[in-house]
Amino acid sequence: MPVFPKTALNLTPMLADLLQQVPLFTPDDVEAFLPLWKKRLTVPRGDFLIREGQVEQHLYFVESGALRLYLPTAHEEICVGFAYPNTLITAFPSLVTQTPSQYCIQALRRSELVAITKADFDQIQEKRPIFGKFWRMELEKALVGKIEREVDLQLPDPAQRLERLLRRSPHIFQLVPRKYIASYLRMTPETLSRIM
Amino acid sequence: MDATTFLTQLQQQAQTQQALVRAEFLPLDAALLNAKPHATGWSALECLEHLNRYCRFYLPHLEKALSAAPISPGNLPVRYSWIGRKSLAVVDPSSPRKHKTLRHMNPHNSRLTTAVVDEFLQHQDRLLSLFALAPKADLNQKNIPVEFFRLLRMRTGEALEFLLAHQQRHLQQALRAKAQPTISLVV
């Protein structure tokens, strides 16, 4: 059994557990990575992790709670994604381009997160290429998800969109209030409750 | 099988089940426990909630039957009734056959929290305390109403065996359902 420095493990036990299960990493990799998650934060229900116009500097790991990623428009708030325990979340376009975010990330329930800065994350990817590979694999999965969703949005029948989401992510129906799922599926809450 | 051996085996099974739930489900958060294997399958919490509903019905009846008038019948063989045999065959944990559940026992898509696990463990404490009463009772008395058709009665012993076999079946299902934690990125 590898011995991890007590502090890093104690500060981020959930993340430590998950990273130890990633076959790519050696115990040494995990030991180098964990201390970089320096910021710990609790976001009360309704508060924001990032607001429109801010420039994203962090990648977050959700330990508890639930959050939504949405685009505020004049008429409505369009949900584009949800995060819950064991999710990494960030306002991705802003993180990558370092321009003001168009998206907001809001806590749907009191949420506890830990964060690594973009600078620290970039640096460890340089120093230890395995983290570059890890990140690429996460991005690939996220891209596949986005493509699935793009297909969903082209389907004219709301029931079909719902069915695909139920098949892909049945757990979100337990974690996220229905009205946000309705927005994510581009239908009214009334339509969702009629076909659910 | 004689009553003493029968009770010893069931008590061990009950202890193992309780330990399993403490180790495998109690430490997990709601997201993992709510994970569904597929759209119409039950999550681990739904399996446990289904079992809670059976406990809510059967435990009071078992308590009443086992604590009524201790008669110390001696170590008699445990006998089975027709309905008892049928019920045990349906819930046989080693059988891969699926059965439709009764509507009011089906927790599919209900909003469940980890309180379900706590409730299950409380029922198990109650269930284990029955084994202190059981040796003094006549396990062959037909006095446990069948949940879905209350005019039918099961024998006390077979009802206890039924409850534990049913739990065994759905705990196996819950273990299959619970998600292995993995990281996912949301952008």
B:V78 vs (1) within 14 Å of chain A (Cβ to nearest Cβ); (2) modelled with pLDDT under 95; (3) surrounded by 15 or more Cβ atoms within 10 Å (Cβ to Cβ): all pass except (1)
Okay, strands (runs of 3 or more DSSP E) sitting entirely in the stretch A:41-82 with 1 or more residues that are touching a His at 6+ places or on another chain (Cβ under 9 Å) and either within 14 Å of another protein chain (Cβ to nearest Cβ) or loosely packed, with under 14 Cβ neighbours inside 10 Å (or both), I get A:48-50
Condition set surrounded by 20 or more Cβ atoms within 10 Å (Cβ to Cβ) and charged (D, E, K, R), scope the stretch B:152-177, selection nearest to the other protein chains (Cβ to nearest Cβ): answer is B:E161
TODO: Could you tell me whether B:P96 is within 14 Å of chain A (Cβ to nearest Cβ), out of contact with any helix residue (DSSP H, G or I) (no Cβ under 9 Å at 6 or more places or on another chain) and surrounded by fewer than 15 Cβ atoms within 10 Å (Cβ to Cβ)?
DONE: no
Cβ pairs under 9 Å, 6+ apart or interchain, first in the stretch A:14-36 and in a helix (DSSP H, G or I), second hydroxyl-bearing (S, T, Y) and modelled with pLDDT of 95 or more, ordered by first then second residue, are A:L36/A:T117
Just one listed residue, out of B:P107, B:P37, is surrounded by 14 or more Cβ atoms within 10 Å (Cβ to Cβ), more than 16 Å from the chain's Cα centre (by Cα) and touching a residue at least 40 places away in the same chain (Cβ under 8 Å), and it is B:P37
When the stretch B:99-116 is checked residue by residue, the ones that are at negative phi, within 14 Å of another protein chain (Cβ to nearest Cβ) and assigned to a loop (DSSP other than H, G, I, E, B) are B:P107, B:H108, B:S110, B:R111, B:L112, B:T113, B:T114
Pairs returned, first residue in the stretch B:73-89 that is within 20 Å of B:L133 (Cα to Cα) and part of a helix (DSSP H, G or I), second residue that is β-branched (V, I, T) and at pLDDT below 95, beta-carbon separation under 6 angstrom, 6 or more apart or interchain, are none
Filtering the stretch A:117-137 down to residues that are under 19 Å from A:Q57 (Cβ atoms), within 20 Å of the chain's Cα centre (by Cα) and surrounded by fewer than 16 Cβ atoms within 10 Å (Cβ to Cβ) yields A:T117, A:A119, A:D122
Among (1) crowded, with 16+ Cβ neighbours inside 10 Å; (2) more than 14 Å from the chain's Cα centre (by Cα); (3) under 19 Å from B:Y80 (Cβ atoms), B:E147 falls short only on (2)
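The values are calculated or read from the model by the stated rules, or taken from the named source; none is laboratory data. Just so it is clear, the model here is predicted, and its values are computed rather than measured. Counting neighbours? That spans all protein chains shown, and the Cβs are built from the backbone with ideal geometry, glycine included.
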